[in-house]
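What follows is a single structure, written as structure tokens, with notes after it.
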Amino acid sequence: MSVTIYHNPRCSKSRQTLQLLQDKGIEPTIVEYLKTPLNPSELKNILNLLDKPAKEIVRSNEDAFKQFDLELEATDDELIQAIVEQPVLLQRPIVTANGKATIGRPPESVLEIL
């Protein structure tokens, strides 16, 4: 089984989710999206796997969100472009496995797709 975690090591939920996967014997592919930002195509793929609109993966409470003068009602493309330009806006962690994805908040939610 191929498992990927879009990970921010500074985030406690992201660290807890990674630890949970490792405790289950899963060594996921780790994508540190702050070091290796995702492109629009990758983000659209994640949204398709999540079956959610872009507003579900954007951290609108971040200061970086305010600089875009956007609202959560903005189009998916506008929100995706904001995440591309400021990767800190991506909700974390996101785990993909078995053709599905979920946000690891709480970390145990990733168990549903394994």
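Which of rounded, prolate or oblate describes the range 1-42 when judged by the alpha-carbon gyration tensor and an a/c cut-off of 1.5? Each step should come with its number before you reach the end.
Details: a/c = 3.06, a/b = 1.41, b/c = 2.16.
It is oblate, given that a/c is not under 1.5 and a/b is not larger than b/c.
Tell me what the chain gives for mean residue ellipticity at 222 nm when only DSSP H runs of n ≥ 4 count, each as -39,500 (n - 2.57), the sum divided by the residue total, rounded to 500 deg cm²/dmol. Can you show the working numbers first?
On the way: 4 runs with 37 residues, N = 114.
Using -39500 (n - 2.57) per qualifying helix, the result is -9500 deg cm²/dmol.
Once you charge only the Cβ atoms, +1 for Lys and Arg and -1 for Asp and Glu, what is the size of the charge dipole of the chain about its Cα centre, to the nearest 20 debye? Write down the numbers at each step before the final one.
Working: 13 positive and 17 negative charges, 96 e Å.
For the chain, the charge dipole is close to 460 debye.
With axes computed from alpha carbons, what is the tilt in degrees of helix 76-85 against the longest principal axis of the chain, rounded to the nearest 10 within 0 to 90?
80 degrees
Can you give the Kirkwood hydrodynamic radius of the chain from its Cα pairs, in Å with one decimal?
One decimal place: 14.1 Å for the Kirkwood radius.
Among the lysines, which have Cα under 17 Å from the Cα of Lys52 when same-chain residues fewer than 8 positions away are ignored?
Counting by Cα, and skipping residues close in sequence, Lys52 has these lysines nearby: Lys44, Lys100.
Per residue of the range 14-20, in order, report the coupling 6.51 cos²θ - 1.76 cosθ + 1.60 (Karplus, θ = phi - 60°) as ³J(HN,Hα) in whole Hz, putting x for Gly and Pro.
Values, residue by residue: 5, 5, 5, 5, 4, 4, 4 Hz.
Work out the charge dipole of the chain with +1 on the Cβ of Lys and Arg and -1 on the Cβ of Asp and Glu about the Cα centre, then indicate which of Ser2, Ala74, Pro37 is farthest towards its positive end.
It is Ser2.
Collect residues whose amide H, placed 1.01 Å from N in the peptide plane, falls under 5 Å from the amide H of Val3; neighbours closer than 5 in sequence don't count.
Long-range HN contacts for Val3: Thr29.
Every number in this text was worked out from the coordinates using simple rules, so none of it is lab data. As the structure is a prediction and not an experimental result, all values here were calculated from the model. For neighbour counting, all protein chains shown are included, and Cβ atoms are generated from backbone atoms with ideal geometry for every residue, glycine included.
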